[in-house]
Amino acid sequence: MDKLAMTEAVMAAKADKGLTWETLAGEVGLNPVFVTAAALGQSSMPREYGERLAGALGLSGEVVDALAVCPMKGTDQTVPTDPLIYRFYEIMQVYGTSMKEVIHEKFGDGIMSAIDFTLDVDRQEDPKGDRVVVTMNGKFLPYKIW
């Protein structure tokens, strides 16, 4: 089973069972964003957790095997067209260079890890319309001087 077939199986089982990513993450014991990324084929999931996810969804060992495979990341060079995903692309276009300047000013020359990294999505109630709160937390990795 490849990543695409795995994702289709997970999404169908999730819909059939009426489960949320939050619920599945609780069953698996991992962050909802990470579980979703693995289910969508963007991250690998260690077998122990893949077995929990497949069990919660009533899926086969083939899904567990596919979840464990290291994915090919960053191969889509197309600008996203989904409005929600595009907004994040737009945020980076508008604020990316400013974020880079502020990070360099506070930490020095380096990058934020996307490996030693967590991402949380929360809802903040607001009388003017609920807010989406996205928290990215990555280890700072200074560039080596030699």
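The values are calculated or read from the model by the stated rules, or taken from the named source; none is laboratory data. Source: prediction; values computed, not measured. Every residue, glycine as well, gets a Cβ built from its backbone with ideal geometry; the counts of neighbours run over all protein chains shown.
Only helices (runs of 4 or more DSSP H) whose full extent lies in region 1-56 are considered here, and the ones with at least 3 residues that are outside the structural domain of Asp116 (by TED's automatic domain parsing) and over 15 Å from the mean Cα position of the chain (by Cα) are 3-17, 21-28.
Taking Asp65 as the residue in question, decide whether it is surrounded by 11 or more Cβ atoms within 10 Å (Cβ to Cβ), modelled with pLDDT of 95 or more, at negative phi and under 16 Å from the mean Cα position of the chain (by Cα). Give the steps one after another, and end with the answer.
Details: surrounded by 11 or more Cβ atoms within 10 Å (Cβ to Cβ): yes; modelled with pLDDT of 95 or more: yes; at negative phi: yes; under 16 Å from the mean Cα position of the chain (by Cα): no.
Considered against the rule, which asks whether it is surrounded by 11 or more Cβ atoms within 10 Å (Cβ to Cβ), modelled with pLDDT of 95 or more, at negative phi and under 16 Å from the mean Cα position of the chain (by Cα), Asp65 comes out as no.
Looking at region 62-71 only, could you name the residues that are touching a Gly at 6+ places or on another chain (Cβ under 9 Å) and of a type outside the set (Val, Ile, Thr)? Once the filter is applied, which keeps residues that are touching a Gly at 6+ places or on another chain (Cβ under 9 Å) and of a type outside the set (Val, Ile, Thr), region 62-71 yields Asp65, Ala66, Leu67, Ala68, Pro71. Filtering Val133, Val94 for residues that are loosely packed, with under 12 Cβ neighbours inside 10 Å and closer than 26 Å to Lys14 by Cβ leaves a single hit, Val133. Looking at Asp122, Asp116, Asp76, which one is loosely packed, with under 12 Cβ neighbours inside 10 Å and in a loop (DSSP other than H, G, I, E, B)? That would be Asp76, the only listed residue that is loosely packed, with under 12 Cβ neighbours inside 10 Å and in a loop (DSSP other than H, G, I, E, B).
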